[in-house]
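S.K.: Structure incoming, see below.
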Amino acid sequence: MREIKKETLPEQIAERLKEYIFERGLKPGDRLPTETELMKIFGVSRSSVREAIKALQLSGLIEVKPRRGAVVSNFDLKPVFDNIAYGLSLVADVDIFLELLEARKALEIACLPIVVEKIDDEHLERLEHWLNKMFNATSIDEHRTYDMLFHQTLVDATHNRFLVQMEILIFRFFQKLYELFPRRSGIVSLNEHKEIYEACKSRDLERLQEIMDIHLSRYYEEVKEKINEGKNS
């Protein structure tokens, strides 16, 4: 690693540390140099090193462990998505909910070929469990919770960490979305969920794509109608 001049920012130290991890081929659990060693390498203060370490912790690239210091983290996109979630939560434009629904539809439908290929008995059992919970829900809040868990399980059945964490990000906003725009087509929605489960069980990709498109498009139109009503009132 090349030395950094004292006037450079902690973010630049963080970038050099990323280079160091890549160049050395470090793996999860491998240790980074100590704070004192980094101070000597870069020619900077301890506070600058600590700020750089903190930035890399927030990005999920490293973690600091007692008695071991900074080590390379296991792969995890959660910190990145947490930052995105926080940023999007500050957006006041209600049309972002429609964009969110479009993103969700694109993601879930794109997942379906992988779901059909990789879904196992465990995920089928979980889908059936949440389906039964939805049918027996005694409140809108219960139904909403089981609805989200059903769809999260569907994406989880891909066994793809990128897709799973993207779905988690989207569903964080569905908490607010469902509060503002609860489903009106209760029994229709339940029957659609049942058909989604049956298509997964039979691994019928064509039917699964068809019913998922119907299911997600229905809610999109409901939300769009309510947003337009609000704009015109």
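S.K.: Residue by residue through region 30-47, what is 3J(HN,Hα) from phi via Karplus (6.51 cos²θ - 1.76 cosθ + 1.60, θ = phi - 60°)? Round to whole Hz and write x for glycine and proline.
M.R.: With the stated coefficients, region 30-47 comes to 5, 7, 9, x, 5, 4, 4, 5, 5, 4, 6, 4, 8, x, 10, 7, 4, 4 Hz.
S.K.: A further question follows. Do the alpha carbons of any pairs in LYS201/LYS224; LYS105/LYS226; LYS105/LYS201; LYS40/LYS65; LYS54/LYS105 sit beyond 26 Å of each other, and which pairs? Don't skip to the end; give the middle numbers.
M.R.: Values: LYS201/LYS224 32 Å; LYS105/LYS226 19 Å; LYS105/LYS201 21 Å; LYS40/LYS65 22 Å; LYS54/LYS105 36 Å.
Cα-Cα > 26 Å for LYS201/LYS224; LYS54/LYS105; rest within.
S.K.: Could you work out how far apart the two model spin labels at SER139 and ILE227 are, taking each label as a point 7 Å from the Cα in the direction of the beta carbon, and quote it in nm?
M.R.: 2.9
S.K.: Run the simple label-point estimate for VAL188 and SER217 please: 7 Å along Cα→C-beta, distance reported in nm.
M.R.: 1.2
S.K.: Return the aspartates and glutamates within reach of LYS194: Cα separation strictly under 14 angstrom, same-chain partners fewer than 8 residues apart disregarded; answer none if there are no such residues.
M.R.: Qualifying aspartates and glutamates at Cα under 14 Å: GLU125, GLU128, ASP147, ASP204, GLU210.
S.K.: For the pair PHE22 and LEU58, how long in nm is the line joining their label points, each one 7 Å along Cα→Cβ?
M.R.: 2.1
S.K.: What is the gain in length, in nm to one decimal, between ARG31 and GLU15 on full extension, counting 0.36 nm per residue of separation less the C-alpha to C-alpha distance? Present the calculation step by step, with values, prior to reporting the outcome.
M.R.: On the way: separation 16, 0.36 × 16 = 5.76 nm, distance 1.68 nm.
Here the answer is 4.1 nm.
All of the numbers you see were taken from the coordinates with simple rules; none came from a lab. Values in this document were obtained by computation on a predicted structure and should not be read as measured data. Neighbour counts run over all protein chains shown; Cβ positions are idealised from the backbone, glycine included.
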